[in-house]
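First comes the structure, then the notes that go with it.
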Amino acid sequence: MTSPLVEIRDLEKQFDLSGSLLEQITFKDGRFQRKQEAVHAINGVNLQVHKGEALCVVGESGCGKSTVARTVMGLLSPTAGEIHYDGKRIDNLKGRDALPYRRKMQMIFQNPYASLNPRMTIQQTLEEPVRFHQPDLSQSEVRAKVQEVMQSVGIDPDWGARFGHEFSGGQRQRIAIARALAVDPEFIVADEPISALDVSIQAQVLNLMMEAQETRNLTYLFITHDLAVVEHFGTRVAVMYLGRVCELADTKTLFANPRHPYTQALLSAIPKLEDERPNYIRLQGEVPTPVNLPSGCVFHGRCPHANERCRTEVPRLIATDANVQVACHAVEEGRL
Amino acid sequence: MTTATVSRWDRFRESFFWYSFKRDKVAIASFIVLLLMVLAAVFAPMLAPADPYDLAQIDIMNSELPPAGLDGADPAFPLGTDAQGRDLLSTILYGTRVSLMIGFGAVLLQSILGVLFGLLAGYLGGKVDAVLMRIADVQLSFSTLMVAIIVGAVFKASFGNLMFGEIAIYMLIFIIGVAEWPQIARTVRASVLAEKKKEYVDAAKVMGFGTPRIMFRHILPNTLSPIFVIGTVQIANAIISEAALSFLGLGMPETQPSLGSLIKSGFDYIQSGSWWITLIPGLVLVVLVLVINLLGDWLRDVMNPRLYKG
């Protein structure tokens with residue numbers, strides 16, 4: 001296998017809850033104690049994104065999938081772990097050193113109503129990145145570039161003088177995609193790019209992204225909670241739960257034969273037309289708080305197959321088949 | 001909108017701003033009055049019948065002449081004369097000019113300081129925010145007038161009356177501008193805190209844009225609406241502060257009077273029947289401040305994000 005384009009190694013991200021030193025000190029049991037709390041958003045994530053693929057990350061709200069996306073893009077700095085791009089470590093780069101990677105890696109955001117600057121026209125929004133990253137281009141070359149990306153996302157270049165709020169949600173998301181494409185990136189992180197859109201528009205934007213992938217040789221890290229989109233769009237799927245990857249497999253295998261108990265429950269929850277009496281797996285309890293993580297496997301409290309080992313030992317991602325990796329003791333031991 | 005290219009002027013004419021202005025009679029009237037006063041002040045050297053700064057044109061024999069229509073009025077002085085024999089109309093025109101210059105100048109200085117510190121505090125956060133906002137708190141705990149009186153007295157004592165007269169206008173702009181910047185800084189900081197969480201700022205960061213570019217080109221234009229509203233009201237406040245200082249004798253000298261120092265100079269003669277020296281500049285000051293405040297009120301209603309998003 002060729003070396004991955006993007007590699008995430010043992011990534012951890014914690015958000016501090018306890019505030020300043022003064023706020024951390026509490027008086028309890030007759031003495032002062034210093035109490036520090038943090039949300040453990042990502043707890044040791046390992047992922048590899050290969051050139052040309054679309055790796056989908058799925059999971060329920062709060063499982064850390066958006067945090068992974070933002071950490072990869074450098075919007076958040078990891079608490080521990082490393083991010084490599086094309087074999088080079090990028091999570092510790094600052095300022096000028098990071099610029100070449102800014103051009104190669106771009107991001108599409110969830111909310112097209114907030115991701116365009118309301119005081120800038122579309123032309124300005126699209127020209128600025130091109131000028132910034134290719135300062136030696138002439139005025140007409142910049143315009144030609146902007147025109148090209150606008151046409152490629154299906155936005156009339158004559159609309160450039162308008163502002164973002166004059167467009168519909170789908171059009172704005174196209175413009176946001178055009179902005180990302182304007183700097184000719186290789187790798188695009190899409191953080192739930194279609195979840196804020198009308199259902200009738202979702203397919204259009206998705207097709208646009210697949211078209212762009214083909215014509216521009218893009219690699220995607222696609223964050224979503226829509227399993228239908230994953231089946232349509234993804235090359236491989238990573239399922240996350242409480243900041244850990246519990247299963248990583250190529251899309252067909254995952255949907256045909258989910259191995260991890262959480263994946264099984266997740267996939268059984270997809271509504272199907274032919275089912276009159278859906279036979280989905282009911283999980284007990286709720287997702288534990290990421291402030292106090294459960295010991296061992298984060299899923300053990302809700303897993304019907306959990307035993308003593310699951311309560312104490314953290315399962316590692318282990319390859320079971322050629323294209324499947326599962327983090328589950330029961331699968332590893334053959335109990336499941 | 002059907003046409004593809006729309007000019008800025010068309011955009012303005014179709015905007016909510018222009019629409020609400022056209023419908024608000026108070027705003028239109030205030031704007032016309034303010035415009036007339038600003039024009040009269042700007043073109044004072046052409047409009048005024050006499051030059052109150054030119055000592056050669058002043059005749060002490062003309063002092064305390066009443067306005068036209070009263071007994072003993074001289075048709076050469078439509079609004080009468082002051083205690084030194086200066087034509088009151090000309091002096092008011094020049095005085096409005098001084099007052100407006102101080103008002104706009106002080107607000108310009110306030111805005112520069114306030115926007116800069118507010119942006120830095122809001123966007124960088126952390127220690128920068130804590131330090132800048134504590135400075136602002138300390139600054140706000142001194143009353144503007146108190147600071148101005150102390151600084152003014154020190155200036156007057158160290159430069160002497162003659163020199164003080166020349167630098168008085170700059171000193172007033174400086175004092176009022178520096179004393180009031182926290183008002184604008186706090187507003188800007190609050191807007192920046194709201195704006196910097198939006199995804200367009202993340203998009204700019206992902207593009208690799210530097211911090212100054214994100215602050216000034218992406219966030220600042222989105223925080224301008226409240227600055228305009230506060231700035232308008234602050235112009236009126238600055239004019240009042242200047243008038244108060246002048247009235248206390250720490251503002252503009254009598255040789256280049258502002259509206260405030262005119263009121264003060266006439267105040268000594270109000271008992272002897274020369275009421276017009278105080279009353280007419282006082283009316284001008286009240287009207288000036290009133291129309292600016294009315295415009296500010298209207299602007300606040302228009303730019304309220306809950307009423308209008310744009």
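The values are calculated or read from the model by the stated rules, or taken from the named source; none is laboratory data. All values reported here derive from a predicted model rather than from experimental measurement. Here the Cβ positions follow ideal geometry from the backbone for every residue, glycine too, while neighbour counts run over all protein chains shown.
Conditions tested, residue by residue: (1) at the interface with chain B (Cβ under 7 Å from one of its Cβ atoms); (2) more than 22 Å from A:ALA190 (Cβ to Cβ); (3) modelled with pLDDT of 90 or more.
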| position | (1), (2), (3) |
| --- | --- |
| A:PRO100 | no, no, no |
| A:GLN106 | yes, no, yes |
| A:PHE109 | yes, no, yes |
| A:TYR113 | no, no, no |
| A:THR125 | no, no, yes |
| A:LEU137 | no, yes, no |
request  = Evaluate the range B:249-259: report whether one residue or more is in contact with a helix residue (DSSP H, G or I) (Cβ under 8 Å, 6 or more places away or on another chain), assigned to a helix (DSSP H, G or I) and buried (at least 21 other Cβ atoms within 10 Å of the Cβ).
outcome  = yes
request  = Within the range A:173-183, identify whether any single residue is in a helix (DSSP H, G or I), away from chain B (no Cβ under 14 Å), crowded, with 21+ Cβ neighbours inside 10 Å and not hydrophobic (A, V, I, L, M, F, W, C), and answer yes or no.
outcome  = yes
request  = Of the numbered conditions (1) buried (at least 21 other Cβ atoms within 10 Å of the Cβ); (2) touching a residue at least 40 places away in the same chain (Cβ under 8 Å); (3) within 30 Å of A:PRO193 (Cβ to Cβ), B:PHE216 fails exactly one; give the number of that condition.
outcome  = (1)
request  = Specify which of the listed residues (A:GLN24, A:GLN14) is free of Cβ contacts under 8 Å to residues at least 24 places away in the same chain and surrounded by 13 or more Cβ atoms within 10 Å (Cβ to Cβ).
outcome  = A:GLN24
message = Among (1) outside any loop (DSSP other than H, G, I, E, B); (2) crowded, with 19+ Cβ neighbours inside 10 Å; (3) within 14 Å of chain A (Cβ to nearest Cβ); (4) not β-branched (Val, Ile, Thr), there is one condition B:GLY208 misses while meeting the rest; what is its number?
response = (1)
inquiry  = Take the residues in the range A:183-202 that are more than 19 Å from the chain's Cα centre (by Cα) and modelled with pLDDT of 90 or more; name whichever of them is farthest from A:VAL130 (Cα to Cα).
reply    = A:ASP184
ask   = Can we say A:PRO129 is more than 18 Å from the chain's Cα centre (by Cα), under 18 Å from A:PRO185 (Cβ atoms) and surrounded by 22 or more Cβ atoms within 10 Å (Cβ to Cβ)?
value = yes
key: Enumeration of residues in the range A:316-336 that are in a loop (DSSP other than H, G, I, E, B), of a type outside the set (Gly, Ala, Ser) and without any contact (Cβ under 8 Å) to a residue 40 or more places away in the chain   = A:ARG316, A:ARG335
ask   = Among the listed residues B:ASP51, B:ASP137, B:ASP87, which satisfies the condition of being charged (D, E, K, R), within 26 Å of the chain's Cα centre (by Cα) and buried (at least 20 other Cβ atoms within 10 Å of the Cβ)?
value = B:ASP87
key: Long-range neighbours under 7 Å by Cβ, at least six apart or interchain, first residue over 14 Å from A:GLU186 (Cβ atoms) within the range A:199-216, second surrounded by 15 or more Cβ atoms within 10 Å (Cβ to Cβ) and of a type in the set (Val, Ile, Thr)   = A:GLN202/A:ILE194; A:VAL205/A:ILE194; A:LEU206/A:ILE194; A:LEU206/A:VAL229; A:LEU208/A:VAL153; A:LEU208/A:ILE177; A:MET209/A:ILE177
key: Single match in A:GLY95, A:GLY87 (criterion: surrounded by fewer than 18 Cβ atoms within 10 Å (Cβ to Cβ) and more than 11 Å from chain B (Cβ to nearest Cβ))   = A:GLY87
query = Just one of A:ALA180, A:ALA176 is at pLDDT 90 or above, in contact with a Phe, Trp or Tyr (Cβ under 7 Å, 6 or more places away or on another chain) and aliphatic (A, V, I, L, M); which is it?
reply = A:ALA176
ask   = In the set A:SER66, A:SER77, which member is in contact with a strand residue (DSSP E or B) (Cβ under 9 Å, 6 or more places away or on another chain), within 13 Å of chain B (Cβ to nearest Cβ) and crowded, with 17+ Cβ neighbours inside 10 Å?
value = A:SER66
